[in-house]
1. Could you please find all residues in segment 253-293 being under 23 Å from Leu50 (Cα atoms) and among the small types (Gly, Ala, Ser)?
2. Condition check: open to solvent by 50 Å² or more (accessible area, probe 1.4 Å) and modelled with pLDDT of 95 or more. Does Thr219 satisfy that?
3. I need a count of the residues in segment 19-39 that are under 20 Å from Cys326 (Cβ atoms) and open to solvent by 10 Å² or more (accessible area, probe 1.4 Å).
4. Looking only at segment 159-200, count every residue that is among the aliphatic types (A, V, I, L, M) and either open to solvent by 40 Å² or more (accessible area, probe 1.4 Å) or over 25 Å from the mean Cα position of the chain (by Cα) (or both) and tell me the total.
5. Determine, yes or no, whether Pro306 is open to solvent by 50 Å² or more (accessible area, probe 1.4 Å), touching a residue at least 60 places away in the same chain (Cβ under 8 Å) and under 21 Å from the mean Cα position of the chain (by Cα).
Amino acid sequence: MSETYDLAVIGGGILGSAAACRAAAGGMRVIVIEQQTIGSGASSVNAGTLSLQIKRVKLMPYALKGHELWEQAGARVGFHKTGGVTLAFNQREAELLHERMALKREAGAPIELISPARVAELEPNLSRKVVAASWCAEDGYANASLTGAYYRALLEAAGVAIREHTPVTAIDRSGGAFALATPTGPIRATRLLLACGAWLKSPSAMIGLDLPVRARVNTVSVTERGPALVGTVIGHATGLLTLKQKPNGSVLIGGGWQGTGSPEQGRGAVDPETLLPNLRLAMFAVPGLDRFRVVRSWTGFEANVPDFYPLAGAAPGVENAFLLGCVRGGYTIGPYIGALMGDLILGRQPELPLFDPGRFSTSAAAAA
């Protein structure tokens, strides 16, 4: 008979790995089960932007804590604190910028409004059509492609068992434990954490939950290497642009423009109808980008639920099962909210409140 773990985590991205490390540090025997490789999903295909200016107000305390953890990781994740500028090019965008940044500043983000003249001093290669802007000295980025190696090292150091290329095909609850069916044999654990990103809906159904999980198909592009254009993280008041130039001279361009496809179909596909407006906005903000060639564009799935807040807490009606996913800004927030989940599983009071998945249960809907 196979050994029984204290906790089985389905999903080896930032969220699941951070939770597994915290649970292991608290004395639990933990296994992480990943259908591909550690950190191979959204955790590694995003643009790596660590900007407080693009986080939701209610999630700002979590983003601030997460940002600190990325900074502590430093060179292991390619962390760079560059500061960030968010731009508005007309009056409507300026009003939107002022309104959003005021709320985020109240929530604790060190954001200040700056003049177009100050923008030109900070970033002389930006468009001269800026009418308003904000600045956050804490903004920066990390190298998302290093996520897998970083968390693999943390998991191994914590003594967490890792099972990669191992999809979970069924979950059964019997004998006081969860029995997970996999192509390489069963895995048993007394506690279960589902932290599998855009693939969360299917394993949730295996434990009897019907969750309204949807997936966005975000597009990211990278250019060839070129001369220095920008030194900070550049954003747009609408949230439709994130841009940064890496030390090697290449420029990463994102902004949440949507590709096509679904997690069930495999990898998403880039949609030219959305890619081109993203690149045009980037070139409008940074005119010199017209001399750079785009060498690759790709997509990554970002899970969400209708209220766009995380699922983070005990699975409704399923004893010793937990859910963690649908975290907007999950790259920034993931290390911290994952640790909070580890505390909850250990029976500790999390430092900040989590986001009860039960709000989407039938009973919760009936009571509302």
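1. Gly254, Gly255, Gly256, Gly259, Ala282, Ala285 - these are the residues of segment 253-293 that are under 23 Å from Leu50 (Cα atoms) and among the small types (Gly, Ala, Ser).
2. On the way: open to solvent by 50 Å² or more (accessible area, probe 1.4 Å): no; modelled with pLDDT of 95 or more: yes.
Criteria not met by Thr219.
3. Here is the first cut: in segment 19-39, the residues under 20 Å from Cys326 (Cβ atoms) are 19-20, 22, 32-36, 39.
Those left that are additionally open to solvent by 10 Å² or more (accessible area, probe 1.4 Å): 22, 34-36.
Residues in segment 19-39 being under 20 Å from Cys326 (Cβ atoms) and open to solvent by 10 Å² or more (accessible area, probe 1.4 Å): 4 in total.
4. Residues of segment 159-200 that are among the aliphatic types (A, V, I, L, M), as a first pass: 160-162, 168, 170-171, 177, 179-181, 187, 189, 192-195, 198, 200.
Checking which are either open to solvent by 40 Å² or more (accessible area, probe 1.4 Å) or over 25 Å from the mean Cα position of the chain (by Cα) (or both) leaves us with 162, 170-171, 177, 179-181, 187, 189.
Total meeting the criteria: 9.
5. Values: open to solvent by 50 Å² or more (accessible area, probe 1.4 Å): yes; touching a residue at least 60 places away in the same chain (Cβ under 8 Å): yes; under 21 Å from the mean Cα position of the chain (by Cα): yes.
Yes.
The values are calculated or read from the model by the stated rules, or taken from the named source; none is laboratory data. Just so it is clear, the model here is predicted, and its values are computed rather than measured. Reconstructed Cβ throughout: ideal geometry from the backbone, glycine too, with neighbour counts over all protein chains shown. Accessible surface areas use protein heavy atoms only, side chains included; no ligands, DNA or RNA. Shrake-Rupley method; radii C 1.70, N 1.55, O 1.52, S 1.80 Å.
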